[in-house]
Structures are given as C-alpha cells and as structure tokens.
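In what follows, a structure is listed as structure tokens, so that the remarks can point back to it.
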Amino acid sequence: MSYAQTALDELEKGQLDDFKKQYALALRHDDDDTLFSLGEELYSLGFLNQSRRIYEKLLKKYPDEDELRTNLADIAIDEDKNDEALDYLNQVSPDSPAYVEALMVAADLYQTQELFEVSEQKLLTAKKLAPDEPVITFALAELYFTMREFRKAIPLYLDLITAGTTELSKVNLVERLGVAYANAGRFEQAIGYLKQIHTGDMTPDVKFETAFTYLQLKERTEAIKLFNELKDSDAHYTSLYPYLGQALEQENRLAEALTALQEGLGVDQYNEKLWLQAAHVATKLDDEDLAEKYLKKGHDLDSDDLAAVIQLSNLYVKQERWDENAALTKPYVSADDADPQLYWNLAVTAEHQEDFAAARKYYDAAAPFFMDQPDFLKPAIYFYREEGASEQVVKLLTAYLKIVPDDADMALMLEGYQDF
C-alpha cells in the first residue's frame, strides 16, 4: 500500500497527526502518478494547501504539464488569489492539450468576478474547440442561467438532456430546464418538465417556480397546494406570500388570502408591496379600517410609492375625507408627471371644499386621461356646466354618449347645447 493511500485512510479515521506523517512520506517516496491522484483527492476534500504542495512539486519536475497549472489555478481561485490564478492560466498556450481546461477555469474565475461577458467568450471559445464536450455545454448553460439569459440557456440544457445527460455536478438538468422555461415565460413547456420532479425531491426554489408556473397557467389549485407546502417547510421563503395571496384571491377565498398575506407580513414586515396587497384584499372584504391601516404602513415604508398614495387617496375620497385627501395628495401633483388618478381625486376634493378654481385646474389636468370612463365624465360634465364652460361640456358629453348612448338625460343636455 502506498503512503498516499495510508494518508487518506488516516484522514478518513480522523487521525490528523498520522495523516500529516503519511502525507510527508508520500511526498518523499510515492511515484508521481500516485502523488497526482493524491492531490486530486485532497483537493476534492478541501485540503487546498496539501494539494497545492503536490502540484507545485510535480510542476517543477514536469514544467510542460499544463494540467498542473490549471489545477493550481483552481486552488488559487478557491483561495481568492485571482491574480495568481491568471498567472498560471496565461502560461497555458492555445496549442496545449490543457488549453480547453484553462479556458474553463478562466471562465469560472471571471464569473466569480461577475465579468459575465468575458466568461462567456472563454466558454464559447472552449465550445468551438470541443463542441461535443458536455461539461462545456453545461458550463455555458449555467452561465446564461446565472445571467438570467434563459432563452440562451434553454437549447443548451435541451442538448444535454437529448443526449441522455440528466444530471451534471449534482445539478438536475430537468429541473434547470423547467425553471429556465418558466423564467422565459414559456409556461406550458416549463410545467411539462417540472411535473417530472417529485415534490419531495424539489428544492425550495424549484417548488416555488413550479407553483408560480401553475399560477400563470391558471391551475390555481395546484399552485396553492405547492405554495402552502413551501410555506409549511420554509415559512421564511418570503417570495411565496404575494403569489399565494394572489392565487387565493383569484379563487375568491378572500379570508384565506388575507391570512396568507398577514403571515407573510409576519416574516417580511418591511415589504411595502405586501402591505398594499393586504390592504387591497381587506377592501374587498369591506374592512376599510384594516385597509387604511395597511395602506399607511406601506406608505410609511416608501413614501415615493404612488400605488400606496393612490389607494389611500381613493379610500379618503370614498369616505369623503376631503381635508385628509388634500393633505395626502397635493405634494404629489407638483411634478408634471403626476398620476392622473391624483388629479381626478383632487378635482373632486376641491369641488367639495368649494375651491372651484383649484377644482377646474385639476379637472382640466385629469380629463385627457379619462375620456373613456363614464364615472369620471358624468360628474365632470356637471362641474363644467356649473362653471359655464360650454365648449368643455360639449366635448365631454360627446365622449360620454359614445360610451353610454342610452343615457337620455345626457343626450337631452347635449341637444340643448347644440341648439345654441
């Protein structure tokens, strides 16, 4: 038995002192092939220093063996010694048998530095040199997956699966392909692959993507089931709660939707979108006090989020809380790109506060955006009529009657204006 094998045996038994002795003997007495294999074993076990010493010893003896340089570069990357890794890789020439491997290691290095385009070019060069090597295809697919370039990743995963490779580096390629299809918006194809995975074998991310895909396909029962399973196994997977709430709401299970969203807020209280979604469901349940409470929470978290401002403003208008609505919304209409709904709400507010000049200003600002909405047009017509703005009345009446042609009162009003 070689000293290398004895060293590994001692390591497996947890006898570190005996391992070190046998390792030292292996360095002095074992043949080079045995040493190289020991270096690989130690690297896979995370003993980087010991592995590096072996490769450095062998490189001095075999300076033309570029595989040793790529192995040393791998170790340098693991130790965050990127410049050292590049030094080794740059010594590997394009005509070397290890050049493809060097390109792969370089791609890995650049990917860790988030230099994705450089990493892509290295892998594309490697694929051109070794087009049938599945590890290269897989590395390129994984890079595109990381870059969220799912449409580029899909055909690469398909090539691997078609060739009979369904797992590489402990990655389930069927899962990857299903998730890639889902993120590319190709939900029918996605579910075909995701269905092949037993729910017990799914990672939390894959379970989420599968539930999300079912939701997009309007298979809400399956979506709710999987989201609940994910919640039960990992309550802190915060991304699930908005979609579970959405699925339950679409099924008109409003009380359950609100409960799910409240559970989400219990683990993600700084998510303003979740507060707004809970407020929306509370409104549908006719619990306006709770809706207001949630809207204020969301607004406090992000005062620049107009969705919260608009929903809260709509509630104030509905409840005829004119002063509160004016105080809330006026700061948001000073900019030229204010949301038209705020103009509408402020127009109604100013009218009820008998500030008719302000009401006219806000109606004028809102009107171009709501010429197809009878709920806006009818009260605006009466306002402009009181203001004596005949031209605007006729314009709005004409638009209104195109939408509601059977409104006899409005038709009669328009005839009255046309008689003059």
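The values are calculated or read from the model by the stated rules, or taken from the named source; none is laboratory data. On a predicted model such as this, the values are computed, not experimentally measured, just so you know. A quick note on method: Cβ atoms are made from the backbone with ideal geometry, for glycine too, and the neighbour counts reach across all protein chains shown. The accessibility values were calculated without ligands, DNA or RNA, using every heavy atom of the protein model including side chains. Shrake-Rupley method; radii C 1.70, N 1.55, O 1.52, S 1.80 Å.
For segment 268-277, in order, what is each residue's ³J(HN,Hα) by Karplus, 6.51 cos²θ - 1.76 cosθ + 1.60 with θ = phi - 60°, in whole Hz (x at glycine and Pro)?
Values per residue, Gly and Pro as x: 8, 6, 9, 9, 5, 5, 5, 4, 5, 5 Hz.
Let me cross-check Glu117: its accessible surface, 1.4 Å probe, with only protein heavy atoms counted, in Å² to the nearest 10?
Here the accessible area works out near 140 Å².
Between Leu168 and residues 5 or more places away or on another chain, which pairs have amide H atoms under 5 Å apart, with H built 1.01 Å from N, and which residues are they?
Counting only residues 5 or more places away or on other chains, the set is Leu173.
Which GluC sites (Glu not before Pro) from segment 1-102 combine a DSSP loop assignment with at most 16 other Cβ atoms within 10 Å?
Sites meeting the loop and neighbour criteria: Glu79.
With a probe of 1.4 Å, find how much accessible area segment 305-420 has per residue, and write the answer as a whole number in Å².
Each residue of segment 305-420 exposes 54 Å² on average to a 1.4 Å probe.
Explain nothing, just compute: Karplus ³J(HN,Hα) = 6.51 cos²θ - 1.76 cosθ + 1.60, θ = phi - 60°, for every residue of segment 48-55 in order, whole Hz, x for Gly and Pro.
Couplings: 5, 4, 5, 5, 4, 4, 5, 5 Hz.
What FRET efficiency comes out for the pair Glu320/Met371, r = Cβ-Cβ distance, R0 = 30 Å, nearest 0.05?
Calculated value: 0.70.
Scan segment 281-348 for GluC sites (Glu not before Pro) in coil per DSSP, keeping those whose Cβ has at most 15 other Cβ atoms within 10 Å, and list them by number.
Glu320
Find how many whole Å separate the alpha carbon centroid of segment 206-239 from the alpha carbon centroid of segment 304-346.
35
So for each of 118-128, 232-242 I average, over its residues, the number of other beta carbons within 10 Å; can you give me the resulting order with the highest mean first?
118-128, 232-242
In what sequence, largest accessible area first, do Phe187, Phe19 appear using a 1.4 Å probe?
So the residues, ranked largest to smallest area, are Phe187, Phe19.
Return, for the Cα atoms of segment 288-368, the radius of gyration and Dmax in Å, separated by a comma.
Spelled out, the Cα radius of gyration and Dmax of segment 288-368 are 12.2, 35 Å.
How would Met147, Met1, Met410 line up by accessible area, probe 1.4 Å, largest first?
Reading off the accessible areas and sorting them downward yields Met1, Met147, Met410.
Would you kindly derive the ³J(HN,Hα) couplings of segment 141-157 from the backbone phi angles with the Karplus curve 6.51 cos²θ - 1.76 cosθ + 1.60 (θ = phi - 60°), listing them in order in whole Hz, with x for Gly and Pro?
My calculation for segment 141-157 gives 4, 5, 4, 4, 4, 4, 6, 6, 8, 5, 5, 7, 6, 4, x, 6, 4 Hz in order.
Could you calculate the contour length gain from Glu40 to Lys284, that is, 0.36 nm times the residue separation minus the distance between their Cα atoms, to one decimal place in nm?
Value of the extension gain: 81.6 nm.
Could you tell me how many degrees, from 0 to 90 and to the nearest 10, lie between the Cα long axis of helix 306-318 and the main elongation axis, the longest principal axis, of the Cα atoms of the chain?
With both axes taken from Cα atoms, the answer is about 30 degrees.
Just to check, using Stokes-Einstein with a Kirkwood Rh over alpha carbon pairs, what's the diffusion coefficient of the chain at 4 °C and 1.567 mPa s in µm²/s?
Calculated translational D: 47 µm²/s.
List the extent of the Cα atoms of segment 150-266 along each of their three principal axes, largest first, rounded to whole Å.
Extents along the principal axes: 49, 24, 21 Å.
What's the center-to-center distance, using Cα atoms, between segment 393-409 and segment 117-164 in Å?
60
Starting from the residue with the highest accessible area, list Lys218, Lys378, Lys21, Lys330 in decreasing order, probe 1.4 Å.
Greatest to least solvent exposure: Lys218, Lys21, Lys330, Lys378.
Taking a threshold of 26 Å on the Cα-Cα distance, which of the pairs Lys231/Lys318; Lys231/Lys273; Lys273/Lys402; Lys170/Lys195; Lys57/Lys122 fall above it?
Violating the 26 Å limit, Cα to Cα: Lys231/Lys318; Lys273/Lys402; Lys57/Lys122.
Across 10 Å bins from 0, what is the distribution of all Cα-Cα pair distances for segment 297-420, in whole percents?
Reading the bins upward from 0: 13, 41, 30, 12, 3, 0.
Test of understanding: in a Gaussian network model of the chain with alpha carbons linked when under 10 Å, which of Asp32, Asp17, Asp302 would top the mean-square fluctuation ranking?
Asp17
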